[in-house]
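The values are calculated or read from the model by the stated rules, or taken from the named source; none is laboratory data. The structure displayed is predicted, hence computed values, not measured ones. Here Cβ is always computed from backbone atoms with ideal geometry, including for glycine, and neighbour counts include all displayed protein chains. These area figures cover heavy atoms from the full protein model, side chains too; ligands, DNA and RNA do not enter into them. Shrake-Rupley method; radii C 1.70, N 1.55, O 1.52, S 1.80 Å.
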Amino acid sequence: MKMKSILVTGSLGQIGTELTPYLRSIYGDDKVVASSLHVTKNCENVTETGPFELVNVTKPEEIISVIKKYDVGTIYHLASLLSATGESNPQALWSVNMDGLNNILEAARENKCAVFFPSSIAVFGPDSPKDKTPQDAVTRPTSIYGVSKVAGELLCDYYHLKYNLDIRGLRYPGVISNAALPGGGTTDYAVHIFYDAIREGSYKCFLRKDSAIDMIYMPDVLEGAVQLMEADPEKLIHRNAFNVSAITLTPGKLAEEVKKHIPGFTISYDIDPVRQAIADSWPNSLDDTAAREEWGWNPKYGLEEMTKDMFTVLRKKLK
Ligand code: AKB
């Protein structure tokens with residue numbers, strides 16, 4: 001049987017920029033359709049290496065037209081606004097994150113597509129256990145981003161239960177990567193610090209030195225997403241919204257690791273109250289036992305390996 005195509009929304013964002021080529025390397029360049037609201041600078045590794053379409057996820061007809069044109073069978077729905085951006089424009093966040101997801105799920109229902117939905121550590125709030133937050137803890141977030149991710153997880157479960165759609169997803173902590181910069185997130189410091197360390201030898205951090213939030217490195221993000229989508233459904237008890245994590249981090253701890261590579265490196269702190277309040281409402285760390293047991297989540301990059309690789313790649317890129 002001819003293999004159906006894969007559609008990636010938000011393909012020029014932090015994760016999409018690397019997930020699209022990764023999926024193309026596994027399933028074939030012409031089988032992975034990248035889409036985005038608009039084209040950004042230096043995006044040729046996505047737009048020129050396979051099919052690319054402009055799609056606004058708030059417009060159902062644009063999603064349906066691409067699904068039909070390429071005979072799409074699976075959607076990696078990455079288009080989303082992040083936590084800090086959401087606090088400055090909650091309505092825009094709701095429109096992209098919730099209306100967008102609703103449109104994707106409806107299009108998936110009509111066309112019998114499987115869906116990957118990235119949720120976030122942001123689903124947890126001040127009432128959730130702070131350390132090693134369990135898979136099935138209370139989810140009452142205080143950021144609009146978190147509210148949209150909880151509602152999104154529930155909507156995904158609903159479409160699975162009601163229409164038997166194959167919808168799977170992960171709760172990402174902060175994602176550290178070196179291809180595209182993250183935009184408007186609370187965990188962005190853990191990427192920016194590397195760029196500023198190489199360019200300036202110093203970094204001004206918008207979170208407190210002791211603000212703990214878990215992180216994962218992009219190669220583990222890529223492998224984990226595909227591993228989950230390929231997992232035997234019989235083994236999935238949760239299916240959607242799996243906690244995943246790899247590195248428990250604070251800005252202070254990351255700065256110490258950076259200093260091992262750039263000895264004169266200095267960090268200072270200029271706290272952004274909005275992002276600090278979001279960070280304070282999130283867990284310090286996540287318990288990802290369910291992901292490990294149900295589909296074999298096993299991240300390869302700890303703090304040392306990630307930091308070494310970030311410097312190797314970025315030193316070449318920023319030369
Ligand atoms: C953000 O900081 O908003 C994101 C996230 C943790 O979901 N990186």
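Just want to confirm a number: the relative contact order over the stretch 1-70, from Cα pairs under 8 angstrom separated by 6+ residues, in percent.
31
Largest first and to the nearest Å, give the Cα extent of the chain along each principal axis.
Answer, in whole Å and largest first: 58, 45, 38 Å.
Calculate for the chain the 222 nm mean residue ellipticity that helices alone would give, adding -39,500 (n - 2.57) per DSSP H run of length 4 or more and normalising by residue count, nearest 500 deg cm²/dmol.
-12500 deg cm²/dmol, from helical runs alone.
Would you mind telling me the antiparallel percentage of the DSSP bridges in the chain, rounded to 5?
Given both bridge residues lie in the chain, the antiparallel proportion sits at roughly 10 percent.
Evaluate the relative contact order of the chain (contact order divided by residue number), counting alpha-carbon pairs under 8 angstrom at least 6 apart; express in whole percent.
18
Of the options I193, P251, I144, report the single residue whose Cα projects farthest towards the positive end of the charge dipole of the chain (beta-carbon charges: Lys, Arg +1; Asp, Glu -1).
I193
Past the 17 angstrom mark, what percentage of all C-alpha to C-alpha distances in the stretch 244-299 do you count?
Result for the distance tail: 59 percent.
Between the helical axis of 189-200 and the dominant principal axis of the chain, each derived from Cα atoms, what acute angle in degrees is found, rounded to the nearest 10?
Relative to the chain, helix 189-200 is tipped by roughly 50 degrees.
Cross-link partners among lysines for K259, C-alpha distance below 17 Å, same-chain residues fewer than 8 apart left out?
Straight-distance partners of K259: K204, K209, K308.
Hey, if we sort V221, V138 by accessible area with the 1.4 Å probe, largest down, what's the order?
The most accessible residue leads, giving V138, V221.
What translational D, rounded to a whole number of µm²/s, comes out for the stretch 14-117 from Stokes-Einstein when the hydrodynamic radius is the Kirkwood one over Cα pairs, at 10 °C and 1.306 mPa s?
111
Is the shape of the stretch 208-319 best called rounded, prolate or oblate, per the rule: a/c under 1.5 gives rounded, else a/b larger than b/c gives prolate, else oblate, with a ≥ b ≥ c the square roots of the Cα gyration tensor eigenvalues?
Because a/c hits 1.5 or more and a/b fails to exceed b/c, the stretch 208-319 counts as oblate.
For the ranges 78-88, 161-171, what's the packing order if you count other beta-carbon atoms within 10 Å of each residue, average per peptide, and put the highest first?
Descending mean neighbour count gives 78-88, 161-171.
Rule-of-thumb check for the stretch 76-199: C-alpha Rg over 2.2 N^0.38 Å?
Here the Cα radius of gyration is 1.13 times the empirical estimate.
May I ask you to derive the relative contact order of the stretch 168-319, considering only C-alpha pairs under 8 Å and at least 6 residues apart, and to give it as an integer percent?
35
Can you tell me the 0 to 90 degree angle between the C-alpha axis of helix 60-70 and the longest principal axis of the chain, rounded to 10?
It is inclined by approximately 70 degrees.
As I understand it, the value is the acute angle between the Cα axis of helix 303-317 and the longest principal axis of the Cα atoms of the chain; what does it come to in degrees, rounded to 10?
Result, in degrees: 80.
Give me P(r) over the stretch 111-182, computed from all C-alpha to C-alpha distances, binned every 5 Å, as integer percentages.
3, 15, 21, 22, 17, 13, 7, 2, 0
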